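A.B. asks: Okay, handing you the structure first.
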């Protein structure tokens, strides 16, 4: 019963639509009407700028890390890899299939990053390093996310993480890659937005939408 409570709470925490709230609170808009139409940190970054994008990224990351770190202890569950993975998977599922958004949501990258930072810190830090190199070279957060999904299980394998953890990580990686399939198609034809495109126009204020400006595009 305590494990079930932990899973429900982790799912609810993961379901919190941070990107949506950030857009409404700070700009009075629905970020789903802009850019990619996603509530994740990448679309917030492109739509509302780096400060709010990074803020959203941090909170989405915490949605994954905090349930794994605190819920099992608070509910008196015996520490184990399986419990951490189940709680983490529930948080990621909440972000991807949010009950507050009719079971739609983000792509799960930031929340998964928080989960794996809590569960396998070294592997995740190495993955972040790879992602940063890709962002610096190509400027595409989506492709960095896909690359991270590929290399994280490899790092876990090389560092000797448990088979169960490796298996769950591979499943999460497949979900992340699948949800980025449109981004990969755009990248292959040179149409995937880059982070520095956010500043291609002079004056950042010209790029920040407010109520009644801009609409979603593919």
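A.B. asks: Rounding to the nearest 10 and keeping the result within 0 to 90°, find how far the Cα-based axis of helix 121-138 lies from the longest principal axis of the chain.
C.D. replies: On a 0 to 90 degree scale, this one is about 20.
A.B. asks: Next question, about the same structure. Only counting other Cβ atoms within 10 Å, I'd like 80, 145 sorted with the fewest neighbours first.
C.D. replies: Taking fewest neighbouring Cβ atoms as first place, the list is 80, 145.
A.B. asks: Could you work out how far helix 109-119 tilts from the main Cα principal axis of the chain, as a 0 to 90 degree angle to the nearest 10?
C.D. replies: 30 degrees
A.B. asks: How high is the relative contact order of the chain? Use alpha-carbon pairs under 8 Å, at least six apart in sequence, and give a whole percent.
C.D. replies: 25 percent
A.B. asks: Mind checking which of 164, 20, 132 has the largest fluctuation in a GNM of the chain, springs on alpha carbons under 10 Å?
C.D. replies: Ranking 164, 20, 132 by mean-square fluctuation puts 164 first.
A.B. asks: How big is the gap, in Å, between the Cα center of the range 103-132 and the Cα center of the range 48-76?
C.D. replies: 11 Å
A.B. asks: Taking only DSSP H segments of four or more residues, each worth -39500 (n - 2.57), what value at 222 nm results for the chain once the sum is divided by all its residues, to the nearest 500 deg cm²/dmol?
C.D. replies: -21500 deg cm²/dmol
A.B. asks: With angles folded into 0 to 90 degrees, how steeply does helix 18-27 sit against the dominant principal axis of the chain? Use alpha carbons for both and round to 10.
C.D. replies: Roughly 30 degrees between the two axes.
A.B. asks: Follow-up question, since we're still on this one. Which values of log₁₀ I(q)/I(0), to two decimal places, follow from the Debye formula for the chain at q = 0.08, 0.10, 0.11, 0.16 Å⁻¹ with a uniform point scatterer at every Cα?
C.D. replies: Debye intensities relative to I(0), on a log10 scale: -0.28, -0.44, -0.52, -1.06.
A.B. asks: Let me ask you something else. What distance in nm lies between label points placed 7 Å from Cα along the C-beta direction at residue 21 and residue 33?
C.D. replies: Result: 2.1 nm between the two label points.
A.B. asks: How do 24, 137, 179 line up, fewest other C-beta atoms within 10 Å first?
C.D. replies: The order, fewest Cβ neighbours first, is 137, 24, 179.
A.B. asks: Also, quick follow-up: Using Cβ counts within 10 Å as a stand-in for footprinting exposure, how do 156, 165, 1, 184 rank, fewest first?
C.D. replies: With the fewest neighbours first, 156, 165, 1, 184 line up as 1, 184, 165, 156.
A.B. asks: So the label point goes 7 Å from the Cα of residue 66 along Cα→C-beta, right? Which residues of the range 87-105 then have their backbone N under 14 Å from it?
C.D. replies: Once the point is set 7 Å along Cα→Cβ of residue 66, 91 turn out to lie under 14 Å by backbone N, inside the range 87-105.
Rule-based calculations on the coordinates, nothing more; no lab input. Since the model is a prediction, treat every value here as computed from it, not as a measurement. Here Cβ is always computed from backbone atoms with ideal geometry, including for glycine, and neighbour counts include all displayed protein chains.
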